[in-house]
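See structure below.
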Amino acid sequence: MSTSCVDKKPHSQKSKNGQDILADNNMLSEQQLIDNVKKAINPEFNDWVLFSNGTYIILEDTTIKDKKEKAVEIMKENGPVYVGSPSGDMSITKLTNTKGWVVGGDYYGMYTYVDPTELEAKGINNPKDIDVGLLGRDKRDKDGKFPKVIFVH
């Protein structure tokens, strides 16, 4: 068996021009998001960083001194989505230790948590993988363009 990395308060961010940007996961508080991601990650991985829209990066290099700084660097470089490029790729994993899914992309160790309530808020009550994947990819794109770390493990 191979090892996998996966086992109603709005988050406000500022864009480059100073406008507030609200994350898609405004159905979850930051603590709820953190709790669900903790349950989603294989406990074998101890070093990870969570961003405000639900994207997290697992850092396998335990020698990294500043995990937050490294994760922001990775997020800025690999988080934004460019349709038609590998950054638009996605894989969906249904979670077993918590509700929801994680959406992976082309960067190993970068995943985005999607909660069922986020899809329900968009009127999607019986989501297909494509619904989950597109929302997760959109959330990762927002984290990549406006990275805001909310938790470092």
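The values are calculated or read from the model by the stated rules, or taken from the named source; none is laboratory data. Since the model is a prediction, treat every value here as computed from it, not as a measurement. Please note: Cβ atoms are built from the backbone with ideal geometry, for glycine as well, and neighbour counts cover all protein chains shown.
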Residue within segment 103-116 that is over 15 Å from residue 56 (Cα atoms) and either assigned to a strand (DSSP E or B) or among the polar types (S, T, N, Q) (or both) present: no
In segment 41-77, what residues are surrounded by fewer than 23 Cβ atoms within 10 Å (Cβ to Cβ) and part of a helix (DSSP H, G or I)? 67, 68, 69, 70, 72, 73, 74, 76, 77
Within segment 132-151, restricting attention to residues that are hydrophobic (A, V, I, L, M, F, W, C) and out of contact with any Phe, Trp or Tyr (no Cβ under 8 Å at 6 or more places or on another chain), which residue is nearest to residue 71 (Cα to Cα)? 151
Of all residues being farther than 16 Å from residue 135 by Cβ and in a loop (DSSP other than H, G, I, E, B) in segment 12-40, which is modelled with the highest pLDDT? Just the residue, please. 29
